[in-house]
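To start, the structure itself, in structure tokens.
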Amino acid sequence: MSKKVIILGGGVAGMSAAHELAERGFQVTVYEKKAIPGGKARSIPVPKSAKPGNADLPGEHGFRFFPSFYRHVTDTMKRIPFGNNPRGVYDNLTNTTRIEITQFGKTGMLMLAQFPRSFGELKTLLNSLKDLKDKVGLLPGEMDFFAGKIWQYLTSCEARRMDDLEKIGWWTYIDANNHSPAYQKFLAEGMTRSLVAANAHVANAKVEGDVGVQLILGLAEPGVNADRVLDGPTNEVWIDPWLTYLESKGVHYHLNTHIDTIHCDGKTITGVTLKGKDGKTFDDAADYYILAVPVEQAARLFAEKKHAPILEADSTLQGVVQLGQQVAWMNGIQFYLKEDVPMIHGHVIHIDTPWALTSISQAQFWQGFKWPTVGQGNVNGVLSVDISEWGVNGIIYKKPARDCKREQIKKEVWEQLKLSVNLPGQPPVLVDDNVLDTFMDPDIKGDPNRAEPTLYKDAEPLYIDIIDSWHWRPDSYTRIPNFFLAADYIRTNTQLATMEGANEAGRRAVNSIISISGANVPLCRIWPLDEPFFLSIWRWYDRRRYDRGEPFKEDFPWFVDVAQWILVTAYQFWHNITGRRRQEADLHPSENIETM
């Protein structure tokens, strides 16, 4: 008889673990506290927004973003059936082609989201390089210095990155203190604050370097799209089909179910007590247990007195309590428009906005979506915005977002967007009369004891990798032989709190269960972050220097340059034979999986 696994938490990590286990013949039960599966990745229907016969407007916790270095989550998507799509919900990903960086009162700086594929796109690329000087205001030599730091990262060995760069912030690594305000805004704060809601002073330089390099490589490689988005609301084109597939494989998925107690006898987990929607508790037991909840929830569980036996059985989990403080807010707000405003074909980083806004006009990517069937039938576009900075004063109300009423947040965000894209002397891009409705992430909770509550917490904050935090992060396995962890805060190659990291974490937990159980099934595939292999000779030589206690040095000896030339020539020869590289998910199809 196959082994039973209970998964506590039904977000991307929990669903990924359930997916891999079910395809390998395990019995799987998932308990999720929310009424909608998918965790932070889910769509959220806008309550009371529909007229009779229509569905509610689609809201989002935040817009979805699938960069080219994602391999784990896209591999799973290819195994989720969707209509006649040959590659399942993976075929619901669509490419963006542009990225825009806006400033108050200035024309936006347009960049490519892919390697140039036409003469027009080549001109766009060249113009964006010119804009770095004319519009951004970088001083002479600053871009060269920054490129040198990226080169240093690419040619540093993994041991040096982990032991040195893990212990400093991104701000320190790129020497932001000694450069211009433009350098600080665009190259130090821009990437960390707008993309991962992190403060550049405390954001881990290793993680920021890893992700930054991956994004740059995606932009620089021919035939690869660095930025992909879904072609419809997340639940409709991904999460709901995923749940349907899991249930077809025998997964028992329970919503509106909270964790009450995880019982431990000091050696193993003996069962769990859960609380259903009706408030009544019940017990369940299995051979193995996966805790797949976000870090702040895991920290609260482990800090409770009734869960002390778990920490006694594995004292290393005390680090999770510490990690539970390393969170920031990154939440979505949608503006539903009477007339669609496409803006650009991709994401916009509004770099001057105090609340670190990023946005995307989604209707242009939802080509098959039937707008008349949702809401009041009069919406034709949606501007989806992420708010990444909740602790800095706004422009209108002169206070942080976390201290504003919900209506104040909506108005403040809209005004900051208008300042970013409406230029003096030109017809406005965003106008007030075009907004039909607004929806803000319900995870932003107010004080229920106030008649007009101000905001005081985020129910689903984002885990942030701060300086020197790797040693606090747990592995997927624990010292309790039937207890495992799957969430984006565990140790993964991805490291960053993303759907990709959560999926990889789920795979690692499943691999641990396969190993412990002795099941005769294939392990889940785990991919490392991809870096140019022809730089391996540089990293090899730096590792020799590191092992001898020497610092990083840019001027490598002549034989390294010769080896570099040989590797580059070999790579170009191989590339010409095999053709242009396809998307990574296509290069690495998942193995055929046989059930137990």
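Of note:
- Pairing each residue of segment 335-364 that is part of a loop (DSSP other than H, G, I, E, B) with any residue that is among the aromatic types (Phe, Trp, Tyr) and crowded, with 22+ Cβ neighbours inside 10 Å, provided the two are 6+ apart or on different chains, yields C-beta distances under 8 Å for Ile351/Phe186; Trp355/Trp390.
- Scanning segment 203-213 for residues that are crowded, with 20+ Cβ neighbours inside 10 Å and either more than 23 Å from Ser384 (Cβ to Cβ) or not hydrophobic (A, V, I, L, M, F, W, C) (or both) yields Ala203, Asn204, Ala205, Lys206, Val207, Glu208, Gly209, Asp210, Gly212.
- Odd one out for Asp164 among (1) modelled with pLDDT of 90 or more; (2) at positive phi: (2)
- Cβ separations smaller than 7 Å between residues 6+ apart or across chains give no pair from segment 501-520 residues that are more than 18 Å from Leu8 (Cα to Cα) to residues that are among the acidic types (Asp, Glu).
- Qualifying positions in segment 146-181 - of a type in the set (Ser, Thr, Tyr) and assigned to a helix (DSSP H, G or I): Tyr153, Thr155, Thr172, Tyr173
- Pairs are defined by a Cβ separation below 6 Å, a sequence spacing of at least 6 or placement on different chains, a first member in segment 415-429 that is farther than 14 Å from Leu383 by Cα and modelled with pLDDT of 95 or more, and a second member that is assigned to a helix (DSSP H, G or I) and not hydroxyl-bearing (Ser, Thr, Tyr); no pair meets this definition.
- Selection from segment 26-79 of residues that are touching a His at 6+ places or on another chain (Cβ under 7 Å) and hydroxyl-bearing (Ser, Thr, Tyr): Thr29, Tyr31, Thr76
- Considering only residues in segment 247-296 that are part of a helix (DSSP H, G or I) and without any contact (Cβ under 8 Å) to a residue 40 or more places away in the chain, the one that is surrounded by the fewest Cβ atoms within 10 Å (Cβ to Cβ) turns out to be Ser248.
- From the options Gly218, Gly190, residue that is out of contact with any helix residue (DSSP H, G or I) (no Cβ under 8 Å at 6 or more places or on another chain), modelled with pLDDT under 85, over 20 Å from Ile351 (Cα atoms) and part of a helix (DSSP H, G or I): Gly218
- Ile290 vs. criteria over 30 Å from Leu110 (Cα atoms) and either among the acidic types (Asp, Glu) or over 25 Å from the mean Cα position of the chain (by Cα) (or both): no
- Condition check for Pro522: surrounded by fewer than 24 Cβ atoms within 10 Å (Cβ to Cβ) and touching an Asp or Glu at 6+ places or on another chain (Cβ under 7 Å): yes
- Residue list for segment 79-110, filter: of a type outside the set (S, T, N, Q), out of contact with any strand residue (DSSP E or B) (no Cβ under 7 Å at 6 or more places or on another chain) and either at pLDDT below 95 or surrounded by fewer than 19 Cβ atoms within 10 Å (Cβ to Cβ) (or both): Arg79, Pro81, Gly83, Pro86, Arg87, Asp91, Phe104, Gly105, Lys106
- Asn378 passes every criterion in (1) at pLDDT 95 or above; (2) under 27 Å from Glu460 (Cα atoms) apart from (2).
- Scanning segment 20-42 for residues that are polar (S, T, N, Q) and either over 20 Å from Lys4 (Cβ atoms) or in contact with a Gly (Cβ under 9 Å, 6 or more places away or on another chain) (or both) yields one hit, Gln27.
- For Phe26, the stated conditions hold: it is assigned by TED's automatic domain parsing to the domain that holds Gly276 and buried (at least 19 other Cβ atoms within 10 Å of the Cβ).
The values are calculated or read from the model by the stated rules, or taken from the named source; none is laboratory data. The structure displayed is predicted, hence computed values, not measured ones. As a convention, Cβ positions derive from the backbone with ideal geometry for all residues, glycine included, and neighbour counts pool all protein chains shown.
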